[in-house]
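Chemist: Before we start, here is the structure in question, set down as structure tokens.
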Amino acid sequence: MSAEGTAPASPPRRSRRRPGENRERLIEAGIAEFARLGYRGASTVVIAERAEVPQPHVYASFRTKRELFLACVDRIARESLDAAASDETRALVSAFLLQSVASRHDAEVGEEVFDRLLSPLLDGLGPAELSDRIGRAAIARMGFRPSG
């Protein structure tokens, strides 16, 4: 009790989140952490902190770190495929780069990223057309301008 005889005020309670909001926050935080540190370097503890979600909620929403990573991949794939309607090159390069990063950290996860991201974007392209397209897109993405 305070000097005036009243109980001290308790800290304000955080309002409850909508159903699924913690999952969405974890995916957004996961995308940032996996991009920054790769699959093996990212920590679910840090992802939970970044998402402002208690750490046990990571495993309440996703059974494993891999499941969280693949949910992040699915989100990027969906956004990339949506963007492909207006900018197919950007989607292709984004998927290619993500697959490359994932493969570097874990070959099995890299294969799954390829199946989820690149395969739908590349369906029907031959190897020569594919490499030419990726090369041109990567050069454009890096802002390279040939001299001459």
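Chemist: Note down the Stokes-Einstein diffusion coefficient of the stretch 17-59 in µm²/s, whole number, using a Kirkwood radius over alpha carbon pairs, 25 °C, and 0.890 mPa s.
Modeler: Numbers: Rh = 10.1 Å.
Result for D is 243 µm²/s.
Chemist: Could you give the length gained by full extension between residue 49 and residue 63, i.e. 0.36 nm per residue of separation minus their alpha carbon distance, to one decimal place? Don't skip to the answer; put the middle values down first.
Modeler: Details: separation 14, 0.36 × 14 = 5.04 nm, distance 1.80 nm.
Computed gain between residue 49 and residue 63 is 3.2 nm.
Coordinate-derived values only; no laboratory data. Nothing here was measured: the structure is a model prediction, and the numbers come from that model.
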